[in-house]
1. How much length is gained on full extension from residue B:125 to residue B:314, taking 0.36 nm per residue of separation minus their Cα-Cα distance?
2. Take residue A:6, project a point 7 Å from its Cα along the Cβ direction, then tell me which residues of the range A:55-86 have their backbone nitrogen under 11 Å from it.
3. Over chain A, what is the percentage of antiparallel beta bridges among all DSSP beta bridges, to the nearest 5?
4. To make sure I understand, if each residue's beta carbon is the centre and we count other beta carbons within 10 Å, what order do B:251, A:62, B:292, B:264 fall in, fewest to most?
5. Name the residues whose placed amide hydrogens come within less than 5 Å of the amide hydrogen of residue B:278, ignoring near sequence neighbours (fewer than 5 apart) on the same chain.
6. Label points 7 Å out from Cα along the Cβ direction at residue B:214 and residue B:30: separation in nm?
7. I'd like the Karplus ³J(HN,Hα) series for the range A:48-62: coefficients 6.51, -1.76, 1.60, θ = phi - 60°, whole numbers in Hz, and an x wherever there's a Gly or Pro.
8. For residue A:59, what residues show an amide H to amide H distance below 5 Å, using hydrogens built from the backbone and excluding near sequence neighbours?
Amino acid sequence: MEGVIVGTVRSGEVPVAFARVMVESAPGPMPDIALLSGPDGRFAVDTPYRGRYVLVVHADEHRPARIGVDVPDPGRSTETVVELPP
Amino acid sequence: MTITLDGAVAVTDPADETSPTDVAVAEQETAQAPPSSGPESGVADTASSGIELVAGYSGTPQPAGASLEELLARDVPDAAEATFGSAAEGQPSLESVIGVDDRIRITTTNVYPWRVHASLLIQLADGSYASGTGFFIGPRTVITAGHCVFVQWSGPRRGWVRSVTVMPGRNGSVLPYGSVTVSGSGIRSVVGWTQNGNSNWDVGALILPTELGSRTGWLGFGYYSDATLLASTANLAGYPGDKPSGTLWYHSRRLLSVSAGRIHYQVDTFGGQSGSAVYRLVDGHRYAFGIHTNGAAPGIPVNSGVRITKPIFDRMKAWKG
């Protein structure tokens, strides 16, 4: 059973749409695809493995962010927030 | 036999019955499908050393003596870590740049071969979006990674994507060839990926409703012996997500290793470059021998892609029509 990291990309209180959310490292091989945040800044990254995921988030006109998320149970949803510096 | 799943098509062919260990390419066995620069003017020169001739780019030297086995023993940082530095656990680390990011941006994206590479905007089954890369191999045919057209993970995104918008030669907000959106039966893969999820078959295709590739031209493609591949420089251009939106970046390095169904290399890539051609230059002509699919992973400090084997070559020829 695979889980998911669900998150929001925002800058201050403003959600950032079409930010590119990428998995920099994961406990196993991951596809080299970039997920895009929605108009509400929401995104979801599937987590097929137990362990630590490092996400890198880029958006035009923002500095990038990098955040680590521990997934103790790959079958569950893990919530996070990615704050982009302006 | 053609199987329709959620409006898209998976094609079954003899290769579907083949296990990964059965797809080894016999030594010396080689076949190629030719490239075309298209009718439009503008063709880039090529360097004699097997890399593209790009102002300001001289190629990245292979680490001395580096083999895949040695790299596995070194704990080499992945491309993102080299770019951002090692972040403290859970803490963004944005300012430090370790190592040299020598990927080079291509701004002449309306010149062959750069115009054959396409930025892909993918709408997944749940309505969310992702980005990837593809490349033309014929007037109507764009090749990409299988996971750009069929998502293997569980949950609401699993299955065929809703649509893929193809933007060849994209340069930021400039689309020199416009865009074409493909859905339904225009989206193809093979059952080795859609049913088995086997990374050796992580290949997909987009069959366009127009002959846009006749304007852009296309890459040749082929399958080659291990020895030929290991003597080749891997060239890779795509649309990485860590660069300004929709910009095309190029890098090259010698191939590190090959297996029956995969190729491994230290060409720098980032999320968004799935589906990029991994290609070699032969007498100034460009032939894809792989499709980029994965970044580095723990214990595997190299990037990797699908090797174009004979069954995949045959399928690509069929998709080319």
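1. On the way: separation 189, 0.36 × 189 = 68.04 nm, distance 2.86 nm.
Extending this stretch completely gives an extra 65.2 nm.
2. Residues A:77-80 fall inside that zone.
3. Details: 22 of 29 bridges.
Once the DSSP bridges in chain A are tallied, antiparallel ones form about 75 percent.
4. A:62, B:264, B:251, B:292
5. Residues meeting the amide H criterion: B:289, B:290, B:291, B:292.
6. 3.2 nm
7. Result, ordered by residue: x, 10, 7, x, 9, 10, 10, 9, 10, 10, 10, 8, 4, 6, 9 Hz.
8. Hits under the 5 Å cutoff: A:20.
None of the figures in this text is laboratory data; all of them are computed from the coordinates on show. If you're wondering where the values come from, they're calculated on a predicted model, not measured in any experiment. Note: ideal-geometry Cβ built from the backbone for every residue, glycine included; neighbour counts use all protein chains shown.
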